[in-house]
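Structure record follows, encoded as structure tokens.
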Amino acid sequence: MRLTDNPVFARLHDHHKSLRGLRFDDVKDNSARQQALSLSLDDLAIDLSRHLIQPETLDLLAELADAADLSGQFEALFAGEVMNVTEQRPVLHMSARTAEALSGDEPRKMAIFSDVLRGDKSIKDIVNIGIGGSDLGPAMVTKALAPFHDGPKIHFVSNVDPSHLYDVLKNATPERTQFIVTSKTFTTQETMKNAALARAWLTKAGCSADRHFAAVTAAPEKAEEWGVERDRIFGFADGIGGRYSLWSAVGLPIMVAVGTKRFYELLKGAHDMDNHVRSTPARDNLAIMMAGLRIYYRNIENRSAYGIMAYDQRLSDFTRWAQQTEMESNGKSVDRKGKRLDYFTSPIIWGEAGTGAQHSFFQALHQEADICPLDILAPLQPVPDYRDESFQQSHKMLLINALAQAEAFAQGQVNDKEPHRHFEGGRPTSFISWRATTPYALGRLLALYEHITIASGFLWDVNSFDQFGVELGKSMAHALSSVNEADDMPEQFSAAAKAFIKRLPKDAL
Ligand code: F6P
């Protein structure tokens, strides 16, 4: 059902009008309201009371979800029905994080290989070569779980800009370096180019590439053709989309970094979130309520951006991961039947880790006329890898800053005499906290954001599992790759493209 055909959508508009006079000051001391606008799952707590909404707003969002049969749609998703309609595939990443899946051949082979790499003292550096979903998820999780890292050093190279690979390799020794080429399709231009550079680097140093490469892919025959040995190729199902794939063999670098036990804890956290989303009525369902708010801001308030600010330095790549998850999934203009939509879908997802962000763009978030809703994420405690009291105190300062920002956004501060010091307030934030960023808690958090994406996609009636929007640029790059001079340009390219090619130095072509 399209959002505008959902009978509750019009009521949500009316409800929004009825909230126009609501000021945060009027409700800020109301603890019954605060509780009614709070959601939780064990130690994961989401406080929505700094939004200018009322408990009835969430009730209506739950009705919106029920009218769109979100529970039925989630059931179909979990049951493995074909939800990716354009590519005629089921969506299988949730099944990769079940206990049963871990006893499968491929995960077992992956765990054995991971142990071999971890135990091999001759290996100093592991370089994952991949891009998009074959990079962002594993890189973000590896960074987030730094305190649990007891394997070899892992690097992530994604950009075809040669400096990305070069800067990693300049400090590495060929004999002691292992590459994992991660690519679902094993055709992605950037990844294949970087993999070829890496192979040339090894060969030049007299190393046989065979024992230095492993591959993670849903196209094992292509990896074999490229030259990776069969026993070093780790597969995953076609139904696991790139941006949802860190739970599968794509998580190999994570497993090498933190070991199988912790990798499984990550999966368990995600699996518990799956169960929550699958079995919890909409009004108490973390993902559905957060998705409802995405729709509320995008389609009722017409907000084009949504910020995610993690107050956890090790989660500094979280927003980049969530950005791909949400924008590549829901940045669409047609519904699941291919009909043009008459409303906007994914907001621009952006953000940075706090507190750095406070000393940068938070100025605009506090005082610019346009409002950007935010998620503020904060673990209550650091992972206990530093027990030193002074380090603990710094963590307290971090949390206090997260809280202070949420309060300042919501409350504002009137200053009629000095307009440049006036803070309007009423700037909405969801305050999301959990005990500590353990593998389990991280898995649960990531699965939450995946399900927010999927639930919003259901509400917008878009296919959250394809990404045809990336194709045109890829094919233009392909058409340009054989151009040697401006006069060779295929006709489809503009005068601006020709002018740029003319500016290139001869040795760049
Ligand atoms: O170009 C977009 C995309 O297809 C993403 O969806 C995907 O995560 C990324 O490229 C990498 O693709 P692959 O894993 O096939 O190399």
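Only one of 348, 300 is assigned by TED's automatic domain parsing to the domain that holds residue 378, within 21 Å of residue 432 (Cα to Cα) and among the β-branched types (Val, Ile, Thr). Can you tell me which?
It is 348.
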Selection within region 279-321 - among the hydroxyl-bearing types (Ser, Thr, Tyr) and part of a helix (DSSP H, G or I): 279, 296, 297, 319
Among the helices (runs of 4 or more DSSP H) confined wholly to region 66-175, which include 2 or more residues that are surrounded by 23 or more Cβ atoms within 10 Å (Cβ to Cβ) and within 16 Å of the ligand (Cβ to nearest atom)? 136-144
Return the pair list, or none, for Cβ contacts closer than 8 Å from residues in region 243-254 that are over 12 Å from residue 216 (Cα atoms) and in contact (Cβ under 8 Å) with a residue 24 or more places away in the chain to residues that are assigned to a helix (DSSP H, G or I) and aromatic (Phe, Trp, Tyr), at least 6 apart or on different chains. 254/263
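Just checking, does region 251-266 include any residue being part of a loop (DSSP other than H, G, I, E, B), modelled with pLDDT of 95 or more, more than 14 Å from the ligand (Cβ to nearest atom) and more than 30 Å from residue 61 (Cβ to Cβ)?
Yes: one or more hits.
Per-residue answers, yes or no, for (1) under 25 Å from the mean Cα position of the chain (by Cα); (2) among the aliphatic types (A, V, I, L, M):
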| site | (1), (2) |
| --- | --- |
| 19 | no, yes |
| 23 | no, no |
| 26 | no, no |
| 30 | no, no |
| 36 | no, yes |
| 52 | no, yes |
| 61 | yes, yes |
| 70 | yes, yes |
Might you let me know whether region 20-42 holds any residue that is surrounded by 13 or more Cβ atoms within 10 Å (Cβ to Cβ), touching a strand residue (DSSP E or B) at 6+ places or on another chain (Cβ under 8 Å) and assigned to a loop (DSSP other than H, G, I, E, B)? yes
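Being charged (D, E, K, R) and either surrounded by 15 or more Cβ atoms within 10 Å (Cβ to Cβ) or in contact (Cβ under 8 Å) with a residue 60 or more places away in the chain (or both) is the filter here, so list the residues in region 379-420 that pass it.
385, 407, listed by residue number.
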Let me spell it out: the conditions are (1) at pLDDT 95 or above; (2) surrounded by 12 or more Cβ atoms within 10 Å (Cβ to Cβ), and residue 473 meets all of them except one. Which number is the exception? (2)
Give, as residue ranges, the helices (runs of 4 or more DSSP H) completely inside region 435-509 that count at least 1 residues that are in contact with a Ser or Thr (Cβ under 9 Å, 6 or more places away or on another chain), outside the structural domain of residue 242 (by TED's automatic domain parsing) and free of Cβ contacts under 8 Å to residues at least 40 places away in the same chain. none
For region 176-201, enumerate the residues that are in contact with a Ser or Thr (Cβ under 8 Å, 6 or more places away or on another chain) and more than 16 Å from the ligand (Cβ to nearest atom). 176
Any residue at all in region 83-105 that is closer than 30 Å to residue 339 by Cα and free of Cβ contacts under 8 Å to residues at least 24 places away in the same chain? yes
Selection status of residue 223, closer than 19 Å to residue 109 by Cα, part of a helix (DSSP H, G or I), at pLDDT 95 or above and within 13 Å of the ligand (Cβ to nearest atom): yes
Of (1) assigned to a loop (DSSP other than H, G, I, E, B); (2) surrounded by fewer than 17 Cβ atoms within 10 Å (Cβ to Cβ), residue 50 satisfies every one except (2)
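The values are calculated or read from the model by the stated rules, or taken from the named source; none is laboratory data. These numbers were taken from a predicted model, which means no experiment stands behind them. Note: ideal-geometry Cβ built from the backbone for every residue, glycine included; neighbour counts use all protein chains shown.
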